[in-house]
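The values are calculated or read from the model by the stated rules, or taken from the named source; none is laboratory data. These numbers were taken from a predicted model, which means no experiment stands behind them. Heads up, the Cβs are rebuilt from the backbone with ideal geometry, glycines too, and the neighbour counts pull from every protein chain shown.
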Amino acid sequence: MTGDRVQEKTPVPVLSLRGVSKNFGGVHALVDVDLDVREREVLAVVGDNGAGKSTLAGVLAGAYRPDAGEVRLDGAPVVLDPPATARALGIATVFQDLALMDDLDVVENLFLGHETRRGPLLDEVAMERRAWALLDQLAATVPSVREPVRTLSGGQRQVVAVARALLGSPRVVVLDEPTASLGVRQTAEVLNLVVRLRERGHAVVLISHQAADLQAVADRILVLRLGQVHDVFTGDTSYEDLLAAMTGAVRPGTRRGGSRKAVAP
Amino acid sequence: MSAVVTEDRQPFGGGGPSRLVDRVRGAHLSMLPALGALALVWLVLGVIDPAFLSAENLVNLTLQSAPVGVIALGVVMVLLVGQIDLSVGSLSGLAAAVVAVGTVNLGWPVAVSILAAIAVGVVVGLGYGLLSARLGVPSFVFTLGGLLLLAGVQMRVLGPAGSINLPFESWLVRTVQQGFLPPVVAWCLVVVVVAGSATLHLADRFRRLQADLQAPSLGSIAARTGVLAVVLVGTVAYLGTARGVGYSVVLFVWLVVVADVLLRRTRWGRSVRAVGSDRRAARLAGVAVNRTVISCFAACSGLAALGGVLAAGRLAAANQGTGGTDTYLTAIAAAVIGGTSIFGGRGGAWSALVGVLVLQSIANGLTLLDLDLATQQMVTGTVLVLAIVVDTFVRRRRET
């Protein structure tokens, strides 16, 4: 596998999958998937619809338990499900639909399940203050943290979801299709956000089918096809090559040289 | 960075008058239609028959509202978590029967009978919660089954007579039926509550200012305290010209305040609204969804049982009609009319109080006007439909 050669020159991955498979009834959503992601690295996962991207996100989030294979954290095998466990282990996932609660305001969404308390009651002041600090770090333009998130724009909701993921100071942030429903400007904002996450030292898994967006921020690009890891490319691989790999128009052996070289983290 | 933060926040933190109005409106938007409806109902009934607004009648109104209000408070909790309980009426009837049989037939102390009745309620609620959380059975279906089942059990418990009278000297009857706060105690309570509320608001403002956060202005705190003082002083003074404020009413309002604090200020309350808003998202966020749902069903059934106990105390009897059809319809309608959404996630404890006052005012007023049951039901039904239309309208407008 191509990934092995990349691995040799880089530190131990924070998170690894080895031979992970997941079936839904007769459907093989993931087949024997290997994956590594390191600190200060953006690993993009691309693939066409039905390639297994969202299943992969579900496995990393602890929403699905793999039928076979192993998940390793710093080289040691771990079990991620249920989602609370994954979070406790430092893997935070932002789902495609964001999984925000529309009736709750920004602060309530951010701290849900991990509220700060003062005696038996919630400490709204501390939470509100921390929420502002976090949103400012992400350079977010949210008008008020006391409005229901229902009233926010798509990009603002995305930022809130990412901010929530960052609250537990996770080591790995998984973003599932963060730009799927966004406009051009909001997409650029989210990609900036991804860069900032890398600068902060997080390992980022960025799942998308919009290969063009990923080239700007990805250090490595893993191509999923029909549930299998088709290949791993460097971040500067051309759009045509990625598209070919995603759709299967070109076989791996005929790919142009240069796209396999190792990348410094 | 922090300088930028302050600047960004200033337009909101400044708290100009219009912004303040928006904030107040935003926080209490769901209550406004109900308060408006209450004012309208009182105005219309007061004009048609001034006797409606007499102190004596309003004392009756509060006493009538307390039992079903306690049940409605429980309904608020299951609605908030996105479920429903149609069996609260039957359960309150069963609880009334348990109290009557316990004290009269079995000779238990009243307190033991009451605890037994509430325990029955909590056990039923735990069962509902397990059915809903573990098996995913729709609550509409199993509580409809529970409605019939519990009504049957109620009849069996009451036995062939079908009706048991509680002795008038029982402290339950004396407290609920004839127990009123002594005026001195009532006025002390008013002072304590108003001063306490003002102190808490000022302390909160101080902390927020210290943390450099948007804080309510002194004017708005004064306004809120003023409104609270006027309402409490008015209530105690006016009802005091008749019998006064009943113990059961105090219990009801106290339960509403406790539930309000639990729902808005604790981790549990937040998870209730989160689960009601989006169950899957709440689970992904790490909320213990099953435990939250089960606790809401248990609280609802426990409160329904307590409502039944109060009803038995007020009537000094338990019969097959206790907790009949109109009880659960009134309780659920009161919660919805008060502004708690049937879609889950939106609403609060106070909606039980306001909603039940609206419905009981209509029932009380129409009885006073000598209108028959048919008219009462048509009016109540219309109000309920209006309330649900408003609820749906608010929800749809928020989504677009």
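For the range B:366-400, how many residues are part of a helix (DSSP H, G or I) and either surrounded by fewer than 16 Cβ atoms within 10 Å (Cβ to Cβ) or modelled with pLDDT of 90 or more (or both)? Break it down into steps so the answer makes sense when it comes.
Let us first name the residues in the range B:366-400 that are part of a helix (DSSP H, G or I), namely B:366-368, B:373-399.
Applying the additional criterion that residues be either surrounded by fewer than 16 Cβ atoms within 10 Å (Cβ to Cβ) or modelled with pLDDT of 90 or more (or both) yields B:367, B:373-375, B:377-378, B:381-382, B:385-386, B:388-389, B:392-393, B:396-399.
Number of matching residues: 18.
Inspect the range A:47-60 for any residue being at pLDDT below 90, in contact with a helix residue (DSSP H, G or I) (Cβ under 7 Å, 6 or more places away or on another chain) and closer than 24 Å to A:G155 by Cα and give the result as yes or no.
yes
Of all residues in the range B:211-261, how many are among the acidic types (D, E) and buried (at least 16 other Cβ atoms within 10 Å of the Cβ)?
Quick first cut of the range B:211-261, residues among the acidic types (D, E) only: B:212, B:260.
When the remaining residues are screened for being buried (at least 16 other Cβ atoms within 10 Å of the Cβ), the result is B:260.
The qualifying residues number 1.
Going by what's in this entry, would A:R185 be described as more than 25 Å from A:G69 (Cα to Cα), within 14 Å of another protein chain (Cβ to nearest Cβ) and in a helix (DSSP H, G or I)? Full working, then the answer.
Working: more than 25 Å from A:G69 (Cα to Cα): yes; within 14 Å of another protein chain (Cβ to nearest Cβ): no; in a helix (DSSP H, G or I): yes.
When the stated conditions are applied, A:R185 does not pass them.
Quick one: B:G159 ticks every box in (1) surrounded by 12 or more Cβ atoms within 10 Å (Cβ to Cβ); (2) within 25 Å of B:D260 (Cα to Cα); (3) away from chain A (no Cβ under 14 Å); (4) small (G, A, S) bar one, so which box is it?
Here B:G159 meets the rest and fails (2).
With a cut-off of at least 3 residues that are of a type in the set (G, A, S) and modelled with pLDDT of 75 or more, name the strands (runs of 3 or more DSSP E) lying wholly within the range A:200-265.
Values: elements: A:203-208, A:220-225, A:228-234.
In the range A:200-265, no matching strands (runs of 3 or more DSSP E) lie anywhere.
Which numbered condition in (1) closer than 17 Å to B:A312 by Cβ; (2) under 22 Å from the mean Cα position of the chain (by Cα) is the only one that B:I164 fails?
If we test B:I164 against (1) closer than 17 Å to B:A312 by Cβ; (2) under 22 Å from the mean Cα position of the chain (by Cα), just (2) comes out false.
For (1) part of a helix (DSSP H, G or I); (2) on the phi > 0 side of the Ramachandran plot; (3) surrounded by fewer than 12 Cβ atoms within 10 Å (Cβ to Cβ), each residue gets a yes or a no:
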{"site": "B:V124", "(1), (2), (3)": "yes, no, no"}
{"site": "B:L131", "(1), (2), (3)": "yes, no, no"}
{"site": "B:R134", "(1), (2), (3)": "yes, no, yes"}
{"site": "B:V137", "(1), (2), (3)": "no, no, no"}
{"site": "B:F142", "(1), (2), (3)": "yes, no, no"}
{"site": "B:M155", "(1), (2), (3)": "yes, no, no"}
{"site": "B:I164", "(1), (2), (3)": "no, no, no"}
{"site": "B:V173", "(1), (2), (3)": "yes, no, no"}
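For the structure I just gave you, tell me whether B:V275 is within 11 Å of chain A (Cβ to nearest Cβ) and at pLDDT 95 or above.
On the way: within 11 Å of chain A (Cβ to nearest Cβ): yes; at pLDDT 95 or above: yes.
Considered against the rule, which asks whether it is within 11 Å of chain A (Cβ to nearest Cβ) and at pLDDT 95 or above, B:V275 comes out as yes.
Can you spot a residue in the range A:102-110 that is touching a Pro at 6+ places or on another chain (Cβ under 9 Å) and within 30 Å of A:G227 (Cα to Cα)?
no
In the range B:213-252, what residues are β-branched (V, I, T) and farther than 14 Å from B:F180 by Cα? Break it down into steps so the answer makes sense when it comes.
Of all residues in the range B:213-252, those β-branched (V, I, T) come to B:221, B:225, B:227, B:230-231, B:233, B:235-236, B:241, B:245, B:249-250.
Matches in the range B:213-252: B:I221, B:T225, B:V227, B:V230, B:V231, B:V233.
Among what's in the range B:281-330 and is within 14 Å of chain A (Cβ to nearest Cβ) and of a type in the set (K, R), pick the residue that is surrounded by the most Cβ atoms within 10 Å (Cβ to Cβ). Don't jump to the end; show me each part of the working.
Filtering the range B:281-330 down to residues within 14 Å of chain A (Cβ to nearest Cβ) leaves B:281-292.
Subsequent filtering for residues that are of a type in the set (K, R) retains B:283, B:291.
On the way: B:R283: 20, B:R291: 14.
Top of the filtered list is B:R283.
Hey, can you tell me all the residues within the range B:203-228 that are farther than 22 Å from B:G69 by Cα, part of a helix (DSSP H, G or I) and more than 14 Å from chain A (Cβ to nearest Cβ)? Write out each step before concluding.
Initial filter on the range B:203-228 (farther than 22 Å from B:G69 by Cα): B:203-227.
From what is left, the residues that are part of a helix (DSSP H, G or I) are B:203-210, B:218-227.
Listed by number, the residues that qualify are B:L218, B:G219, B:S220, B:I221, B:A222, B:A223, B:R224, B:T225, B:G226, B:V227.
Could you grab me the full set of residues in the range B:311-365 that are of a type in the set (D, E, K, R) and over 30 Å from B:S163 (Cα atoms)? If you could, list the steps in order and put the result at the bottom.
Start the filter on the range B:311-365 by keeping residues that are of a type in the set (D, E, K, R), which leaves B:314, B:326, B:346.
Scanning the range B:311-365 gives a single hit, B:R346.
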